[in-house]
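Down below is the structure, laid out as structure tokens.
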Amino acid sequence: MAEKTTKKARSYEENNQYLISYTRHLERRIRTLETEKQLIEAEKIRLERELRTIRTELDRMKKTPLVTADVVDVLEDNRVIVKSSTGPQFVVHASGIIPKKKIAPGVRVALNQRNFAILEVLPSSKDPLVQAMEVDEAPVYDYSDIGGLKKQINEIRETTEYPFTHPELYERIGIDPPKGVLLCGPPGTGKTLLAKAVAHETRATFIRIIGSELVQKFIGEGARLVREVFQLAKEKAPSIVFIDELDAIGCKRLEVATSGDREVQRTLMQLLSTLDGFESRGEVRILAATNRPDILDEALLRPGRFDRIIHFDFPDEHAQNEIFKIHSRSMNLENPDLSFSEIVNEYKKSSGLRRVDIKGTIEKISGADIKAICMEAGMFAIRRYLNLENDMKDRKITAKEYKAQIRKTVIKMEDFVNSILKVLERKQERSSCALYT
């Protein structure tokens, strides 16, 4: 009897342990299934969302395309006269969803193809060329990078910067600030560089145009570009419109002209009307540059269009030294205190056989020429370094002597003398110097 009882007790314990173990297994399985259920439900929600997106996109793709049109007039009975992109005009109704204030003459709208009802108001169209004219990244140049032009910098700041930063001064004095500035002078005297500094310093929107970009092939395209550029300037106001190489479209109008000349004249007349026409320009300042003011149309030069004309001349001796310091401040010079006047005097002392003798050439060196002289002097120093490297390869000098010479590699006075000679020879070859005498 005792053995039977012991066997039953042992069997009972084994069954209990098995049931407990199996129950735990089922609980783990249930937790695993619940986790899988949550993952499946999350995946189901994602797929349902994706399905709704695809169906929405499919419905949108199935919609009938709309017709673009321009509003011509708004009638009193809430009907609208529109001009379709295909040409004819229609009297149509507007959707009640669109606020009435948004529908005005000149606004671009989208029409239903069947009943031509206005379904939405579209943004105004702009030529991609016009949108690309806006300067998003300011140039790296500022006023400290310009030498010898203190007077011109002060005059241009009074026109393009102070009206935006100190408008109360002009109101207190009782005058309107100049709205147009023309920069004129020989090439290389800093006109475009000063415009870059203005773009860097001002907080206003800077729009840059090259005059030749306004010369278009088809009739009316150039005038349209002018209108869109100034419309963009008004939308981005306060803004500055810089027209480089103004003489490309601003030449004097002639009675005898080809069809291309007449198109340029039409563009010029649109520019004249925009600069000082019936409509106010608002907070839009005009900045233009040219190196041929003698061929500009007189209508462009009158006050009201360009209120201030700033002349740029060749730099004098003091200005030349300032420009040289700016361009040579990062250069490794043998004499850090070297001035441009010393270089010119050394050049004049050089051999007459090597010197380019041009009457008044030294006095007519521009800022761009001084920059070229600094660059060429650096190239002469690099050439001397490369010659040392070739000498070492040919075993004319040892590696130790080569390293010692390299440590001493600087730009010497003879490099600047040779660079002046090279720049003046190139300047002598250019016949365009006669235009700016």
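The values are calculated or read from the model by the stated rules, or taken from the named source; none is laboratory data. Predicted model, so just to flag it, every value in this text is computed and none were measured. A quick note on method: Cβ atoms are made from the backbone with ideal geometry, for glycine too, and the neighbour counts reach across all protein chains shown.
When the range 103-123 is examined, which residues are found to be charged (D, E, K, R) and surrounded by 13 or more Cβ atoms within 10 Å (Cβ to Cβ)?
ARG108, GLU120
Among the candidates ARG10, ARG60, single out the residue that is within 42 Å of the chain's Cα centre (by Cα) and either free of Cβ contacts under 8 Å to residues at least 40 places away in the same chain or under 30 Å from LEU111 (Cβ atoms) (or both).
Exactly one residue qualifies, and that residue is ARG60.
With respect to the numbered conditions (1) within 25 Å of ARG157 (Cβ to Cβ); (2) out of contact with any Cys (no Cβ under 9 Å at 6 or more places or on another chain), which one is the sole condition not fulfilled by GLY222?
Looking at each condition in turn, GLY222 falls short on (1).
Just name the residue that is surrounded by the fewest Cβ atoms within 10 Å (Cβ to Cβ) out of those in the range 210-232 that are in contact with an Asp or Glu (Cβ under 6 Å, 6 or more places away or on another chain) and assigned to a helix (DSSP H, G or I).
GLU228
For every residue, the table says whether it meets (1) in the same structural domain as SER144 (by TED's automatic domain parsing); (2) at pLDDT below 85; (3) more than 23 Å from ASP316 (Cα to Cα).
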position: PRO336; (1), (2), (3): no, yes, no
position: TYR347; (1), (2), (3): no, yes, no
position: LEU353; (1), (2), (3): no, yes, yes
position: ASP357; (1), (2), (3): no, yes, no
position: GLY360; (1), (2), (3): no, yes, no
position: CYS374; (1), (2), (3): no, no, no
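Restricting the first residue to the range 177-202 and requiring it to be not assigned by TED's automatic domain parsing to the domain that holds VAL284 and surrounded by fewer than 19 Cβ atoms within 10 Å (Cβ to Cβ), which pairs with a second residue that is aliphatic (A, V, I, L, M) and modelled with pLDDT of 85 or more meet a Cβ separation below 6 Å and a spacing of at least six or different chains?
none
Return the pair list, or none, for Cβ contacts closer than 7 Å from residues in the range 139-151 that are in the same structural domain as LYS325 (by TED's automatic domain parsing) and closer than 13 Å to PHE324 by Cα to residues that are in a helix (DSSP H, G or I) and not acidic (Asp, Glu), at least 6 apart or on different chains.
Once the first residue is in the same structural domain as LYS325 (by TED's automatic domain parsing) and closer than 13 Å to PHE324 by Cα and sits in the range 139-151, no partner that is in a helix (DSSP H, G or I) and not acidic (Asp, Glu) comes close enough.
Would you mind telling me which numbered condition in (1) at pLDDT 85 or above; (2) not in a helix (DSSP H, G or I) GLU322 fails?
Every listed condition holds for GLU322 apart from (2).
Would you check which residues across the range 125-141 are within 23 Å of PRO178 (Cα to Cα) and either outside any loop (DSSP other than H, G, I, E, B) or at pLDDT 80 or above (or both) and list them?
Listed by number, the list holds a single entry, GLU134.
Of the residues ILE210, ILE219, which single one is free of Cβ contacts under 8 Å to residues at least 40 places away in the same chain and over 27 Å from HIS166 (Cβ atoms)?
None of the other options fit; the residue is ILE210.
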